[in-house]
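What follows is a set of notes on a single structure, which appears directly below.
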Amino acid sequence: MNIGPMRELGGVFDRVADAYEAGRPGYPDEMFRAVCELTGVDLDGATTIDVGAGTGILTRALRARGSQVVAVDPAAAMLSRLRARSDGGPPPVAAVQGDGNALPVADGVADLVMYGQSWHWLDPAASVAEARRVLRPQGAIVGCWNLHHAAQAAWLAAYEARLAAEVPAYWGPAVEEWAVPPIAAAFEVIAERWLPWTRLVGIEDFLLDLRSHSYMAALPPGTADAVVERRRAELRAEFPEGVLSVPMRVYLAVGR
Ligand SMILES: C[S@@+](CC[C@H](N)C(=O)[O-])C[C@H]1O[C@@H](n2cnc3c(N)ncnc32)[C@H](O)[C@@H]1O
């Protein structure tokens, strides 16, 4: 395969792969229950294409629930973390460097095509056409995003507002026009859900999560370090015990 274009596609996240692997949260159990209930697909034994699989946060959760997962991502450094942590665990997983707009998967083989915080990086029409091509007739498309629920805590809203003021490419709840990616407009919607949960996390892991965002990866390294240092000082002053209770919510969209 000519991986030149893949390297370009993978560029942003490859720069922050270690922070991504260490800092990003997993998805709550409730999300997987909702996926089964809304799609009618039992994850145990299902063939699932995890598009934009990254370091494998969603891949591992699907494997733990019995899915046969094909993980696809253009970012070599992200996939290398996924491969390193997937070894030895049942059931088998294939991890393929590829583009979600041209899936390296045969027609009609999948029960689910899932995008874990990745669909917004893809072409809205080509990605969904590809998902439909690889799905079995009863298969379903699932998009999910694990998001800060800033309106639920004043400290979190203030934290997001400071990022919005300091980071030019910031995109999140502190921006007035911010909205979830319009995946529900791209396919025939079965259901949309908002699933609240709480993340208990140490300040240093929370700051690694911050570093793993594409808007931080776009900053010159020294500037990113300074932004993180300011957030560290503020969070340590406000939470001297070093642990944060972060209101989160998953946006889940399921369709055909
Ligand atoms: C925010 S990460 C999500 C990783 C993982 N799914 C998760 O739930 O944490 C977005 C991923 O989408 C990938 N991506 C970007 N463009 C893509 C494309 N055209 N096809 C497939 N994946 C893509 C990036 O390389 C990155 O690993």
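Here's how it looks for Ala110: its modeled amide H is under 5 Å from those of Leu135, Arg136, which are all 5 or more places away or on a different chain. Across the alpha-carbon set of the stretch 35-189, the Rg to Rh ratio works out to 1.01, Rh being the Kirkwood radius. Remark: accessible surface ordering of Arg136, Arg33 (largest first) is Arg33, Arg136, probe radius 1.4 Å.
In the chain, helices alone account for a calculated mean residue ellipticity at 222 nm of -12000 deg cm²/dmol, with every DSSP H run of four or more residues adding -39,500 (n - 2.57). In percent, rounded to a whole number, the relative contact order of the stretch 109-183 is 32, using alpha-carbon pairs under 8 Å and six or more apart. Taking amide hydrogens as placed 1.01 Å from N in the peptide plane, the amide H of Ser118 sits under 5 Å from those of Cys144, each at least 5 positions away in sequence or on another chain. Note on Arg136 and Arg85: the model spin-label points, each 7 Å out from Cα along the C-beta direction, lie 2.9 nm apart.
Based on the Kirkwood radius over alpha-carbon pairs, what is the Stokes-Einstein translational diffusion coefficient of the stretch 142-256 at 37 °C with 0.692 mPa s viscosity, in µm²/s? Estimated diffusion coefficient is 214 µm²/s. Annotation: extensible slack from Glu176 through Ala233 equals 17.9 nm (criterion: 0.36 nm per residue apart, minus Cα-Cα distance).
Ligands, DNA and RNA left out, the 1.4 Å accessible surface of the chain is 54% carbon and sulfur atoms.
Counted residue by residue at 0.36 nm each, then reduced by the alpha carbon distance between them, the extension gain from Ala94 to Asp29 reaches 21.1 nm. Out of all DSSP beta bridges in the chain, what portion is antiparallel? Express it as a percent rounded to 5. Once the DSSP bridges in the chain are tallied, antiparallel ones form about 50 percent.
In terms of its alpha-carbon gyration tensor, the stretch 142-182 comes out oblate; a/c meets the 1.5 threshold, while b/c is at least as large as a/b. Amide H contacts of Ile190: Val254, Gly255, Arg256, each under 5 Å away and 5 or more positions distant or on a separate chain (H built 1.01 Å from N in the peptide plane; Pro and chain starts excluded). Average accessible surface for the chain: 44 Å² per residue, computed with a 1.4 Å probe over protein heavy atoms with every protein chain in place. Tilt of helix 76-86 relative to the longest C-alpha principal axis of the chain, in degrees (0 to 90, nearest 10)? Its long axis makes an angle of about 80 degrees.
The values are calculated or read from the model by the stated rules, or taken from the named source; none is laboratory data. Note that the structure is predicted; figures quoted are calculated from it, not measured. Note that we place each Cβ from the backbone using ideal geometry, even for glycine, and neighbour counts take in every protein chain shown. Note: accessible area is taken over every heavy atom of the protein model, side chains too, but ligands, DNA and RNA are not part of it. Shrake-Rupley method; radii C 1.70, N 1.55, O 1.52, S 1.80 Å.
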